Amino acid sequence: MSKRPLDILNNTLGKSVIIKLKGERIFRGTLEGYDIHMNLVLENAEELKEGETENKLGTVVVRGDNVVYISP
Amino acid sequence: MSKRPLDILNNTLGKSVIIKLKGERIFRGTLEGYDIHMNLVLENAEELKEGETENKLGTVVVRGDNVVYISP
Amino acid sequence: MSKRPLDILNNTLGKSVIIKLKGERIFRGTLEGYDIHMNLVLENAEELKEGETENKLGTVVVRGDNVVYISP
Amino acid sequence: MSKRPLDILNNTLGKSVIIKLKGERIFRGTLEGYDIHMNLVLENAEELKEGETENKLGTVVVRGDNVVYISP
Amino acid sequence: MSKRPLDILNNTLGKSVIIKLKGERIFRGTLEGYDIHMNLVLENAEELKEGETENKLGTVVVRGDNVVYISP
Amino acid sequence: MSKRPLDILNNTLGKSVIIKLKGERIFRGTLEGYDIHMNLVLENAEELKEGETENKLGTVVVRGDNVVYISP
Amino acid sequence: MSKRPLDILNNTLGKSVIIKLKGERIFRGTLEGYDIHMNLVLENAEELKEGETENKLGTVVVRGDNVVYISP
């Protein structure tokens, strides 16, 4: 049975995710929302650099066209 | 319960936000408006460089396709 | 009350604006028109480099996808 | 009264224009047509480099997504 | 008889694939889902560098606009 | 009277054209077809480098989003 | 009589093609399918570098927005 990409995001709500953005930017946080463009809402979001927390952002709305992948 | 990205923006109206744009440009200001493309209206907007105010802009309309993230 | 991005442009018609384009190009001029793509019409437009007038253009139609921000 | 970007192009038909394209390419020619994507038809078109004619092209159809600005 | 691109993806569900992304990033994993934008769901996904596993990701949702090719 | 960009292409069918693509690639050939995206069909197509034939391609379908200009 | 770009692709089904992608990547293979986005299905696909086979891929689905040209 096929798993639609947005269904995976829906099943991941409230859980921790890694988000890789274009230009090698990485975020970690709790996925609290998304829409069909893959615009995302993260809470307790941190920006990572070489695996270390570089920047604590709290809530963040990421514009979907920056996303490379989302890994629950 | 899911939090839609545009709902978060709606809840943030009148509050201070950090906006990261492509090409590492960062703005700080009060979010006064947005639309479905994530075009944004900021007031008391400042452009930051390495955490310092580089440029005071007052009101600014940012075209949505430049946005990486918005953090309330 | 929310201020829609295009409403801000509408309120700015006939007034002086700074336009920042992708690739660091900056224009100053009087905003005489726009459309939903943020295509813009400027009059008495000048292209600026490091704050100095580099190029006087008179009327100019800017294609919206180049725009980073518009500051009244 | 607002001047729509495409109205300006319409008023410029048959007149000389400067077109700046992404990647710093500049054309000069007579605007003979356009469409809603800002695809353009120029006649007697020349490609300029540092203000000098580099290349005479006669008629040229420019795809709109390359356009930065059009100056009548 | 023509084989539509999305039909090939459909026939590949549950099987191992190599995904090449823009910027030379390569993933290997089991294709578990896709949509019309070529957004993809991989399971047991690994990011490869010069043919070696660099990063084990488990489940990953790849945004379609990053995809160069998918090879079953 | 305005000349629509696609009308110019239509009038050029069966004639020789120069096509400039993003990234400075230049083709010369006979325009045999096009569509509204400016996808093009060339026959007897050659890829040029510094005005010299680098590569003879025969028939070629060019995806429109690569096109900078078409000169009949 | 005009030859539409997608008609050329249709006439090429089952035949050998050269595909040039953005970033100078070249594929050779048998065109087995396509859609309106120019997403392509190749079989017996090989990735070429300086005219030599670098990588044998078998079946490959190429996302259309990477395509520069297709030459039957």
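The values are calculated or read from the model by the stated rules, or taken from the named source; none is laboratory data. Since we're looking at a predicted model, the values are computed, not measured. Glycine also receives a Cβ, built like all others from the backbone with ideal geometry; neighbour counts cover every protein chain displayed. Just the protein is used for accessible areas: all its heavy atoms, side chains included, with ligands, DNA and RNA removed. Shrake-Rupley method; radii C 1.70, N 1.55, O 1.52, S 1.80 Å.
What to note about this one:
- Long-range neighbours under 9 Å by Cβ, at least six apart or interchain, first residue more than 8 Å from every other protein chain (Cβ to nearest Cβ) and farther than 26 Å from C:Gly51 by Cα within the range C:1-28, second aliphatic (A, V, I, L, M) and assigned to a loop (DSSP other than H, G, I, E, B): C:Met1/B:Leu13
- So B:Asn10, is it assigned to a helix (DSSP H, G or I) and open to solvent by 20 Å² or more (accessible area, probe 1.4 Å): yes
- Criterion (of a type in the set (Ser, Thr, Tyr) and at pLDDT below 95) met by exactly one of E:Thr59, E:Thr53, E:Thr30, E:Thr12: E:Thr53
- Flag for B:Tyr34 being of a type in the set (Phe, Trp, Tyr) and in contact with a helix residue (DSSP H, G or I) (Cβ under 7 Å, 6 or more places away or on another chain): yes
- Scanning the range A:21-34 for residues that are open to solvent by less than 20 Å² (accessible area, probe 1.4 Å) and closer than 26 Å to E:Ile36 by Cβ yields A:Leu21, A:Leu31, A:Gly33.
- The set of residues from the range F:33-57 being under 20 Å from G:Ile8 (Cα atoms) and of a type in the set (A, V, I, L, M) comprises F:Ile36, F:Met38, F:Leu40, F:Val41, F:Leu42, F:Ala45, F:Leu57.
- Which numbered condition D:Ser2 fails, given (1) open to solvent by 10 Å² or more (accessible area, probe 1.4 Å); (2) out of contact with any Gly (no Cβ under 7 Å at 6 or more places or on another chain); (3) not charged (D, E, K, R): (2)
- Residues that are open to solvent by less than 30 Å² (accessible area, probe 1.4 Å) and assigned to a strand (DSSP E or B), drawn from the range F:56-71: F:Leu57, F:Val60, F:Val61, F:Val62, F:Val67, F:Val68, F:Tyr69, F:Ile70, F:Ser71
- Residue match in the range B:40-53 (condition: open to solvent by 50 Å² or more (accessible area, probe 1.4 Å), out of contact with any helix residue (DSSP H, G or I) (no Cβ under 8 Å at 6 or more places or on another chain), within 25 Å of A:Gly23 (Cα to Cα) and polar (S, T, N, Q)): yes
- Residues satisfying the stated conditions in the range B:29-55, i.e. assigned to a strand (DSSP E or B), more than 8 Å from chain C (Cβ to nearest Cβ) and within 17 Å of C:Arg4 (Cα to Cα): B:Gly29, B:Thr30, B:Leu31, B:Leu42, B:Glu43, B:Asn44
- Filtered residues of the range G:35-61 (kept if among the aliphatic types (A, V, I, L, M) and under 21 Å from E:Met38 (Cα atoms)): G:Ile36, G:Met38, G:Leu40, G:Val41, G:Leu42, G:Ala45, G:Leu57, G:Val60, G:Val61
- For F:Leu9, the requirement of being of a type in the set (A, V, I, L, M) and touching a Ser or Thr at 6+ places or on another chain (Cβ under 8 Å) is not met.
- Flag for B:Gly58 being farther than 21 Å from A:Leu21 by Cβ, touching a strand residue (DSSP E or B) at 6+ places or on another chain (Cβ under 6 Å) and at the interface with chain C (Cβ under 10 Å from one of its Cβ atoms): no
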